[in-house]
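A.B. asks: I'd like to ask you about the structure that follows.
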Amino acid sequence: MKVVFSPDHARHHPKTYFKSGTFHEPQEVPGRADALLSGIEAAGHEVIQSMDFGPKPRGAVHNPGYLYFLETISERWKAAGMENEEVLPNIHPGRRMNSMPEGIVGEVGYYTTDMSAPIGEGTWEAAVASSNVALTATELVLDQLPEAGSAYALCRPPGHHAFQDMCGGFCFLNNVAIAAQYALSEVNRVAILDVDVHHGNGTQGIFYNRSDVLTISLHCDPTDFYPFFSGYAHERGEGDGEGYNLNIPIPPQTGDADYMPYLEQAKQALRSYAPDVLFVALGLDAFEGDPLIGLSITTGGFGQIGAAISELDMPTVLVQEGGYNRDFLGANISSFLKGFEG
Ligand code: ZN
């Protein structure tokens with residue numbers, strides 16, 4: 001498997017993680033990418049450095065005000081004399097509160113969905129590098145068309161919780177959405193299969209009105225699980241996109257054997273849609289030992305999931321999303337890729 005990587009991920013090193021009403025050690029840290037990379041190298045995969053695709057691909061997905069915010073807020077926050085070195089919101093526009101304020105506190109709240117995406121000095125550079133990793137992997141797969149090639153993008157920070165104009169859930173730029181949109185300059189329709197334990201809410205939001213991107217997310221039932229407000233089966237898309245969003249919520253603690261029929265449901269939808277390129281938003285946080293505790297997939301189970309996805313025999317770009325047990329990330333990605341490569 002060709003693996004794309006950028007060391008610039010390390011420029012984003014959050015100091016805080018807010019959960020259960022208090023601050024904790026962050027989960028989404030540079031050590032995650034190091035763990036994934038060691039697993040990849042031990043398994044003998046070829047590692048390629050990412051290329052720079054410039055501002056255009058991210059501008060095709062995210063809005064200009066949001067991109068300006070991400071790029072400049074760390075500096076403006078410091079200049080405004082804020083107490084914490086990282087940018088964090090303390091208010092969000094609730095229902096029936098939608099005006100865009102001019103002050104910096106309101107601006108931060110406006111462009112964020114929660115308190116788990118702190119923005120530090122190098123966050124923008126790392127997020128841009130992560131999207132370039134996904135774009136480089138996409139280019140490798142597009143180059144092989146019409147053959148069903150594949151590549152793995154070792155993205156960090158992850159992206160699937162980032163909306164067109166909001167960051168949250170450890171995500172800033174939606175890597176898989178940027179890559180999928182980019183592919184549409186060469187092909188007619190693409191699909192995104194999100195197997196992260198959390199609903200791909202940002203990705204769903206970005207493509208909700210469109211039929212040229214089928215979005216499917218398998219995730220732990222959000223009834224009492226992040227992102228809480230979306231990920232339900234009744235969310236099917238709107239307008240032109242009606243019928244092109246499929247959510248498959250799965251009961252908490254579901255293990256390997258019981259997971260596979262849900263994946264089969266997603267595969268049936270993918271077969272009938274027949275995308276020119278398949279993108280997999282590849283979270284490894286459905287792992288039984290993940291600190292975010294959702295599903296109970298084993299290391300071997302990731303191999304079975306990889307094998308089941310590769311049976312579709314589609315050109316496939318694998319884009320790393322979550323996965324927070326650093327002791328097992330290397331083994332879990334190796335198991336997935338081994339299964340995928342058969
Ligand atoms: Zn996740």
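A.B. asks: Quick one: net charge of Glu86's neighbours, Cβ under 11 Å, K/R +1, D/E -1?
C.D. replies: -1
A.B. asks: Which order do peptides 82-89, 229-236 fall in by mean Cβ count within 10 Å, highest first?
C.D. replies: Ranking, from highest mean packing down: 82-89, 229-236.
A.B. asks: If I take R0 = 25 Å and measure r between the Cβ atoms of Glu238 and Ser185 in this structure, what FRET efficiency does the formula 1/(1 + (r/R0)^6) give, to the nearest 0.05?
C.D. replies: 0.55
A.B. asks: Quick one: which of 99-108, 160-169 comes out on top by average Cβ neighbours within 10 Å, and what's the full order, highest first?
C.D. replies: Highest-to-lowest ranking by the protection proxy: 160-169, 99-108.
A.B. asks: Taking Cα atoms, how many degrees apart are the long axis of helix 299-310 and the longest axis of the chain, rounded to 10 and kept between 0 and 90?
C.D. replies: Tilt of helix 299-310: around 70 degrees.
A.B. asks: Normalised by the residues of region 14-158, what does the relative contact order come to in percent, with Cα pairs under 8 Å and at least six apart?
C.D. replies: 28 percent
A.B. asks: Then there's this: Restricting things to alpha carbons, tell me how big region 2-341 is in terms of Rg and Dmax, in Å.
C.D. replies: That works out to 18.5, 55 Å for Rg and Dmax.
A.B. asks: Still on this structure, I have one more. Could you work out [θ]222 nm for the chain from helices alone, using -39500 (n - 2.57) per DSSP H run of at least four and dividing by all its residues? Round to the nearest 500 deg cm²/dmol.
C.D. replies: Calculated mean residue ellipticity at 222 nm is -11000 deg cm²/dmol.
A.B. asks: Put a dot 7 Å past each Cα toward the Cβ at Glu25 and Asp165; how far apart are the dots in nm?
C.D. replies: 3.9 nm
A.B. asks: May I pose another question? Using only the alpha-carbon atoms, how far is helix 30-42 inclined from the longest principal axis of the chain? Give it as 0 to 90 degrees, nearest 10.
C.D. replies: Relative to the chain, helix 30-42 is tipped by roughly 20 degrees.
A.B. asks: Also, quick follow-up: Once you have a ≥ b ≥ c as the square roots of the Cα gyration tensor eigenvalues for region 191-342, tell me rounded if a/c is under 1.5, and otherwise prolate or oblate according to whether a/b is larger than b/c.
C.D. replies: Judged from the Cα gyration tensor, region 191-342 comes out oblate (a/c at least 1.5, b/c at or above a/b).
A.B. asks: Quick one: order Phe18, Phe340, Phe53 by neighbouring beta-carbon count within 10 Å, fewest to most.
C.D. replies: Phe18, Phe53, Phe340
A.B. asks: Report the local net charge at Leu173: Lys and Arg +1, Asp and Glu -1, summed over other residues whose C-beta lies under 15 Å from its C-beta.
C.D. replies: -3
A.B. asks: Pull up the DSSP beta bridges for the chain and report the antiparallel fraction as a percent, rounded to 5.
C.D. replies: Antiparallel bridges: around 10 percent, rounded to the nearest 5.
A.B. asks: On a 0 to 90 degree scale, rounded to 10, what angle separates helix 123-144 from the longest Cα axis of the chain?
C.D. replies: With both axes taken from Cα atoms, the answer is about 20 degrees.
A.B. asks: Using a Förster radius of 25 Å, what is the FRET efficiency between Arg76 and Ser230 based on their Cβ-Cβ separation? Nearest 0.05, please.
C.D. replies: 0.25
A.B. asks: Fewest Cβ neighbours within 10 Å first, please rank Ile309, Ile248 accordingly.
C.D. replies: Exposure proxy ranking, most exposed first: Ile248, Ile309.
A.B. asks: So if I average 1/r over every pair of distinct C-alpha atoms in region 139-189 and take the inverse, what Kirkwood radius in Å does that give?
C.D. replies: Hydrodynamic radius (Kirkwood, Cα pairs) of region 139-189 is 12.1 Å.
Here, each number is a calculation from the coordinates, and none is a lab measurement. Please read all numbers here as calculations on a predicted model, not as lab measurements. Please note: Cβ atoms are built from the backbone with ideal geometry, for glycine as well, and neighbour counts cover all protein chains shown.
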